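Remarks on the structure that follows.
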Amino acid sequence: MSIIRTTKRIRDALLETGVDLYHYNASKPTAAYAVWAEDGETTAGYGDNGKTEQTISGTVDYYTREEFDPMTDRIQEALNRLNGYGCTWSLDQVLFEEETNWIRFTWRWEVSGCLA
């Protein structure tokens with residue numbers, strides 16, 4: 001699978017949740033929203049004088065002001081549906097940002113088999 005198809009799968013799964021979604025950064029949202037991004041290669045396999053496998057990693061950050069926001073469960077369910085595509089994920093952190101009054105959930109994901 002190519003990097004483009006892989007990242008579009010992540011995007012599409014998140015869009016199915018109904019979350020207000022941005023890639024890389026958000027432009028002044030006023031309601032809850034998520035930002036997702038791929039950030040690099042974590043592992044690779046080599047053979048026959050070239051790269052044979054690639055694992056891409058990234059993050060999903062969800063910002064909300066609602067305590068116990070059900071969207072967090074929908075995001076995790078969407079990431080779980082990607083397990084069949086070689087996607088693993090973990091909830092990396094949950095923070096309250098005092099300057100903005102947003103609660104931020106960060107998930108880290110990895111998808112293996114990303115090579116055209």
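The values are calculated or read from the model by the stated rules, or taken from the named source; none is laboratory data. Since the model is a prediction, treat every value here as computed from it, not as a measurement. No Cβ is skipped: glycine too gets one built from the backbone with ideal geometry, and neighbour counts run over all protein chains shown. Surface accessibility is based on the protein's heavy atoms, side chains included, excluding ligands, DNA and RNA. Shrake-Rupley method; radii C 1.70, N 1.55, O 1.52, S 1.80 Å.
Odds and ends about this structure:
- Hits in the range 61-79 - residues which are under 20 Å from Val111 (Cα atoms) and in a strand (DSSP E or B): Asp61, Tyr62
- Being in contact with a Ser or Thr (Cβ under 7 Å, 6 or more places away or on another chain) and open to solvent by 80 Å² or more (accessible area, probe 1.4 Å) holds for only one residue in Arg65, Arg74, Arg81, and it is Arg74.
- The set of residues in the range 84-116 being surrounded by 14 or more Cβ atoms within 10 Å (Cβ to Cβ), within 13 Å of the chain's Cα centre (by Cα) and hydroxyl-bearing (Ser, Thr, Tyr) consists of Thr88, Thr106.
- In the range 1-60, the qualifying residues are those that are free of Cβ contacts under 8 Å to residues at least 12 places away in the same chain and part of a strand (DSSP E or B), and the one that is nearest to Thr106 (Cα to Cα) is Ala44.
- Inspection of the range 9-24 finds a residue satisfying the criterion of being acidic (Asp, Glu) and in contact with a strand residue (DSSP E or B) (Cβ under 8 Å, 6 or more places away or on another chain).
- Single residue of the range 17-50 satisfying the filter (among the polar types (S, T, N, Q) and open to solvent by 50 Å² or more (accessible area, probe 1.4 Å)) that is modelled with the lowest pLDDT: Thr43
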